[in-house]
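Working notes, structure below.
Derivation of every value follows stated rules applied to the coordinates shown; laboratory data play no part. These numbers were taken from a predicted model, which means no experiment stands behind them. Here the Cβ is made from the backbone with ideal geometry for all residues, glycine too, and neighbour counts use every protein chain on show.
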Amino acid sequence: MKKNYFGLFIIAAFLCSYQLAAQVSADPCDEFYTAAAGWYVRGVIDELPPVKPYPLPVIKRILETAVEKGSRSDSAVAKIYYERIFNKPWNISVEVQEKNYFSKNASTDEYTNNLQLSGTLNGYGDILFGDVFSAGYRAGVSVTAFDLSEEDFTDKWTSKRYDTLGDGIQAGSVNIDFNADCMVSYSTDKVTVAAGYNRIGFGPFLDGGNVLSQYAYNSPQALFVFNGTYIDFTQYFAALESSDLNGENKKYGKFLTFHSVRAAIGKKWHVSLYDAVVYSNRFDPSYFIPVPNILIAESNGNNDNVLSGLLLEYNFLSGISWNTDLMIDYLDYTKLVKLKLTGDYRAALKTGLTYSPVDSLCEMMTLDYTIVTPYTYSYGTIDSTDSSYTSSFTNGGTSIGLSLPSNSDQIALQIRLVPARNLKVTTLVSIAHHANEYESLSDENAEKVFNANYASVQSGGDPVYATDGGIYAVYGDTARLLSEDHIMTICRGGVKLSYEFSGISSGRLYLNSEFSYTYIHNAGVDTPIYSGKDASTYTESYNNWVNQLHDEYNTHLTFSVVYTY
């Protein structure tokens, strides 16, 4: 039977793909945006739009500026991007990929070795109509064979490169998924209007900011941007999917409205004020009014999920920038004015430096530190649960903001190198901490949560509460940042290599590889404490949770061959 599946995979692999420098106007994760960020930090580009992806007219102006004002290498890179984006409106690419996952449980000496083979066929392109209209699109089909557990083959708290359209087709150890993105836009020097079904990213962080992360799932959306001389305004709307604790039973009827105002202060500072609101069971056009969403929610008497933030961008030296993004979910003002740290403070802070030297082996280096306080991004309390999570800051069960869960912090260093013309090397080192807020529950609330889950499980249902400390946590008791008895520590190091073969007369051929090694202390902290499945009392459930904690060593090794035509 396995031979038959392997034969099916080999046949399908030739109908597969991955794209590189493609559908730039519909994909905010494209490599072009890394290059554009480098040009901005080095002063080649005076300003970048606040939201990715950019319409083609904007991309064209950025590339033309980089060719004219950039260094020799900047100009050469910009010309390559220009040719690949504007040379033709359609492209096809094929990838065959092998993923290997090795894991060791230090407590039991149990060793895991999993293999996944995959391939994808993508058609994609960018089309410019005249000077102001443009469209970007991608449609693909992927085939995965052998081990289909996606979470084993990605580092913790990372997102998939592309989204799937609904449930895949599975036959034994083979799965077929379909994915797509598209975006159409009208853009002048001052105004951009866009609509599509794609991902979106707000802010300068290449690995995602506190809201509207480019690594969140795609969605039907509309965007308006006004680019003034000193003030920019952004208005964004998206239709989201709610889901249950397992990320299943997805349905529309949940909406996100976001707007921001960005001001240029001199030539080095940009200051942005932004806010977002998630609501459901109605369509509320009043949130399009360009005033703080909290005022609209309060005036309408709605208890909607409102988040607000401040983003600072400072290019204090040529080639060096400092960015800080502070997002406020909820503040206990009564305790804040008394300077008490025991209140309910829900916020995310991400700050970091970006270094991008001119004509250097080092293309870019980023150093970021992130804090996400307990219960941030979640919504509701243990006394008012929402089984569909129609007000949580999620889309299809995945955070719209940071992938780092609440009650966590992380420091990460990433270095992008170009040691040779056809070779790119990216290194990453990070240390993260995470604790489960539910470990801080009072005995009374812990028993209440456990009893609700236990009763639901005993009746054949799923748990009512997700007690894994993730995005679906609901407020029970105040938890101070990383103050629990058991802290999970994740130390990760990795390297990515991408080599483009020269001398290919038709199309482009790439060889990619990725290696990462991760040590996890107290692995299992992010599993449910009071699931109601493995115990008859809440104290027994907690003790079982503590006993399953362990140290873990994980290795991910990936190889892929990519042909793009």
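The value of relative contact order for region 2-564, using C-alpha pairs under 8 Å at least six residues apart, is 13 percent. Based on Cα atoms of region 2-564, Rg over Rh with Rh as the Kirkwood radius reads 0.95. Could you tell me which residue out of 458, 204, 564 lies farthest along the dipole of the chain toward its positive end? Charges go on the beta carbon: Lys and Arg +1, Asp and Glu -1, centred on the Cα centre. Highest projection toward the positive end goes to 564.
When the GluC sites (Glu not before Pro) in region 72-180 are filtered for DSSP coil states and for at most 13 other beta-carbon atoms within 10 Å of their beta-carbon, the remaining sites are 110. Taken over region 344-427, the ratio of Cα radius of gyration to 2.2 N^0.38 Å equals 1.56. Rounded to the nearest whole Hz, the Karplus-based 3J(HN,Hα) values (6.51 cos²θ - 1.76 cosθ + 1.60, θ = phi - 60°) of region 517-529 follow the sequence 10, 10, 10, 10, 8, 6, 4, x, 4, 8, 10, x, 7, with x at glycine and proline. Cβ-to-Cβ counts within 10 Å put 190, 52, 69 in ascending order as 190, 69, 52, the fewest first. Stretching the chain fully between residue 289 and residue 550 yields a gain of 88.9 nm (0.36 nm per residue, less the alpha carbon separation). Scattering from region 58-129 was approximated by placing one identical point on each alpha carbon and applying the Debye formula without solvent; log10 I(q)/I(0) at 0.22, 0.23, 0.25, 0.27 1/Å stands at -0.96, -0.99, -1.05, -1.10.
Taking amide H positions as modeled 1.01 Å from N, with prolines and chain starts lacking one, the residues under 5 Å from residue 243 and 5 or more places away or on another chain are 397. Remark on residue 319: its backbone amide H falls under 5 Å from those of 42, 43, a criterion applied only to residues 5 or more positions apart or on other chains, H modelled at 1.01 Å from N.
Size descriptor for region 389-473, Kirkwood hydrodynamic radius: 16.3 Å (Cα pairs only, one decimal).
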